[in-house]
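Enquirer: Sharing a structure, written as structure tokens. Questions coming.
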Amino acid sequence: MSFQNNRKKVGLYGGTFDPIHTVHLIVAEQTRDILALDEIWFLPARIPPHKQAKQITADVHRVKMIAHAIAGHPSFRLDTIELEREPELPSYTYDTVHILKERHPDIDFYFIIGGDMAAYLPKWHRIDELISMVQFVALGRPGYVMANPYMQCVIKVEMPQLDVSSSMIRKKVALGQSIRYLVPEAVRMYIEEKRLYEA
């Protein structure tokens, strides 16, 4: 007799999303489809450990832009767990995953990271415990080599090389250049309305 695994499969996609853009959405949708995940949860970070010295747009704006971007997708949702922390504490993936697993014991989580971040896995906070708590998914371009001892525990998903970044979008806005189609239209309108990223 065979038993079917009915546990929900959820991809966790963290980042500053400052702002969220079309490549974030393409990555999320492609990962959901390729790995047959039930949902993708977007987790905006308050203070990512590698960006503590940088100025990040207020949480309320980043959350609103994500909400606008994913509206209408039945398998995308927003989770503000990392914004619930004390303001002075950095957002460690270990802490996030630990809390989520306690809240949702019936879900199998897949943590989505870029191929560049995969190279730094040995330096992640409490990585040996973390690698046993969550399934890592590393995004790479065709031919991209990701090599470290932890990669044997990581699912590798190839992605098309799409060169769009949040920093590029912020720079374009500051220069008065168009960001149409680089971000969802609702996000573009929100940035314009709130005058975000203007010089």
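Enquirer: What is the helix-to-structure angle for 22-34, meaning the angle in degrees between its Cα long axis and the longest Cα principal axis of the chain, kept from 0 to 90 and rounded to the nearest 10?
Expert: With both axes taken from Cα atoms, the answer is about 20 degrees.
Enquirer: With axes computed from alpha carbons, what is the tilt in degrees of helix 59-70 against the longest principal axis of the chain, rounded to the nearest 10 within 0 to 90?
Expert: Between the helix axis and the principal axis of the chain, the angle is about 70 degrees.
Enquirer: Right, here's the next one. Please work out whether segment 106-166 counts as rounded, prolate or oblate from its C-alpha gyration tensor, where a ≥ b ≥ c are the square roots of the eigenvalues and a/c under 1.5 means rounded, while otherwise a/b larger than b/c means prolate and anything else oblate? All intermediate terms of the calculation are to be shown ahead of the outcome.
Expert: Values: a/c = 1.84, a/b = 1.51, b/c = 1.22.
The shape class here is prolate.
Enquirer: Pick out, from H104, M133, I179, the residue whose Cα sits farthest towards the positive end of the charge dipole of segment 56-199, with +1 on the Cβ of Lys and Arg and -1 on the Cβ of Asp and Glu.
Expert: Towards the positive end, the residue furthest out is I179.
Enquirer: Let me ask something additional. Sum -39500 (n - 2.57) across every DSSP H segment of at least 4 residues in the chain, then divide by the residue count to get the 222 nm mean residue ellipticity, nearest 500. Please report the intermediate quantities before stating the final value.
Expert: Numbers: 7 runs with 66 residues, N = 199.
When only DSSP H runs of four or more count, the value is -9500 deg cm²/dmol.
Enquirer: Another question about this same structure. Could you give the size of the charge dipole of the chain about its Cα centre, using +1 on the Cβ of each K and R and -1 on the Cβ of each D and E, expressed in debye and rounded to the nearest 20? List each step's numbers first, then the result.
Expert: Details: 24 positive and 24 negative charges, 87 e Å.
So the magnitude is around 420 debye.
Enquirer: Starting from the Cα gyration tensor of segment 30-185, take the square roots of the eigenvalues, sort them a ≥ b ≥ c, and report rounded, prolate or oblate (rounded when a/c is under 1.5, otherwise prolate if a/b is larger than b/c, else oblate). Can you show the working numbers first?
Expert: Numbers: a/c = 1.41, a/b = 1.24, b/c = 1.13.
The shape class here is rounded.
Enquirer: Here's another thing I want to ask about it. Sorting check: for 8-20, 67-79, which peptide has the highest mean count of neighbouring beta carbons within 10 Å, and how do the rest follow? The partial results should precede the final answer.
Expert: Details: 8-20: 21.2, 67-79: 16.0.
Most protected by this proxy first, the peptides run 8-20, 67-79.
Enquirer: Show me the trypsin sites (Lys or Arg not before Pro) within segment 10-73 that DSSP assigns to loop and that have at most 15 other Cβ atoms within 10 Å of their Cβ.
Expert: Filter output for segment 10-73: K54.
Enquirer: Considering only protein heavy atoms, what is the solvent-accessible area of L83 at a probe of 1.4 Å, reported in Å² to the nearest 10?
Expert: Using a 1.4 Å probe on the heavy atoms, I get roughly 30 Å².
Enquirer: For V164 and K101 in one chain, what is 0.36 nm times their gap in residues minus the Cα-Cα distance, to one decimal in nm? Before the final figure, lay out each step's value.
Expert: Values: separation 63, 0.36 × 63 = 22.68 nm, distance 3.21 nm.
The span from V164 to K101 would gain 19.5 nm if fully extended.
Enquirer: Label segment 46-136 by shape, choosing from rounded, prolate and oblate, from the square roots a ≥ b ≥ c of the eigenvalues of the Cα gyration tensor; if a/c is under 1.5 it is rounded, and otherwise prolate applies when a/b is larger than b/c, oblate when it is not.
Expert: On the way: a/c = 1.56, a/b = 1.15, b/c = 1.36.
Because a/c hits 1.5 or more and a/b fails to exceed b/c, segment 46-136 counts as oblate.
Enquirer: Provide the per residue accessible area, probe 1.4 Å, for the chain, rounded to a whole number of square angstrom.
Expert: Numbers: 11000 Å² over 199 residues.
In whole numbers, the chain has 55 Å² accessible per residue.
Enquirer: So, in nm, how far is label L175 from label I26 when the simple model puts each one 7 Å beyond its Cα toward the Cβ?
Expert: Taking the two extended label points, one gets 2.0 nm.
Enquirer: Can you tell me how much longer the chain between Q152 and D128 gets when fully stretched, taken as 0.36 nm per residue apart minus their C-alpha distance, in nm with one decimal?
Expert: On the way: separation 24, 0.36 × 24 = 8.64 nm, distance 1.30 nm.
7.3 nm is the gain from fully extending Q152 to D128.
Enquirer: Relative contact order, percent, of the chain when contacts are C-alpha pairs under 8 Å separated by at least 6 residues? Display every interim value, and only then the final one.
Expert: Details: 275 pairs, mean separation 48.2, N = 199.
Reported relative contact order: 24 percent.
Enquirer: How much net charge surrounds F109 when only the other residues with a Cβ under 15 Å from the Cβ of F109 are counted, with Lys and Arg +1 and Asp and Glu -1?
Expert: On the way: positive: R7, K8, K9, R32, R77, K101, R103; negative: D38, E39, D79, E82, D95, E102, D106, D108, E129.
Spelling it out: positives minus negatives among the neighbours equals -2.
Enquirer: Additional query: Rounding to the nearest 10 and keeping the result within 0 to 90°, find how far the Cα-based axis of helix 185-194 lies from the longest principal axis of the chain.
Expert: 50
The values are calculated or read from the model by the stated rules, or taken from the named source; none is laboratory data. No experiment lies behind these values; they were computed from the predicted model shown. With ideal geometry, Cβ positions are generated from the backbone for all residues, glycine too; neighbour counts draw on all protein chains shown. When the accessible area is computed, the model is the full protein with side chains, heavy atoms only, and any ligands, DNA or RNA have been set aside. Shrake-Rupley method; radii C 1.70, N 1.55, O 1.52, S 1.80 Å.
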